[in-house]
Amino acid sequence: MSQPWQHQQQHPHQPQPGQPGYGYPQQPGYGYPQQPGYGYPQQPGYGYPQPGMGPPAPPPPPAPYARRPQPGVAILVSLAAALALALLYGFLTGMVVDFESLIEDAARNGDTEIDVAQLTWLAAAVGALIGLPAAKLAPGQPAAYWTAGALAVVAMLLGETFATAVLASEATDGAKGAFEMFIDNFSDMWEGWTENAHGMTWPLAALAPAAAVLTGYLVGGTTPPQPRTWP
């Protein structure tokens, strides 16, 4: 005899076997990412390098500092160099030339003129040292280079005149100093060295301005420096 079939009502909130419910792990729904469990590698958080990507690129280096040309300062420094080299030229001539011996030789030989050796061959070095400040402080400024060339001419003329004053001071056994002779008897000192100038004195003296201008163009160039831009 068959048993009456009893309809078993199930509670609507009671989970069926094999379905997630109380005591069972929840299964993710369709379209949701799977959450890693214990023992699985964790996903990197914000600020960490992503997998497959290298380290961040370093920032570009700053643009180098470009010095602004300063023609006024360059001319002042070149002027100071010209005056200093003129004095150095005069004292160096006094150290090299033995003026007393030249006077004795002239008196012994009956010569009325004294042949004094000149250091005009140093003109190129004098000009280069005067043109260097213009090239360094005023790059790309040809006017500063030509001004330095004019100052090199002044340095050579004053240097030769002051050298004559130094020799004249030695001839008086120091009765009058070189600066005193240079200031008080400037016209006499000028005539003294121009009359004693040789044929090669003027061509060699012309090397001073040429060297000053050439140094400016070689070291300073013709274009003012521009700051570099990094991509």
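Read-outs throughout are calculated quantities, based only on the coordinates presented, and are distinct from any laboratory measurement. The structure presented is a predicted model; accordingly, all values stated were derived computationally and were not measured. For neighbour counting, all protein chains shown are included, and Cβ atoms are generated from backbone atoms with ideal geometry for every residue, glycine included.
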Computed label-point distance, nm, for sites Tyr217 and Leu157 using a 7 Å Cα→Cβ extension: 2.4
Over the Cα atoms of the stretch 82-220, compute the convex hull volume and normalise it per residue, giving Å³. 99
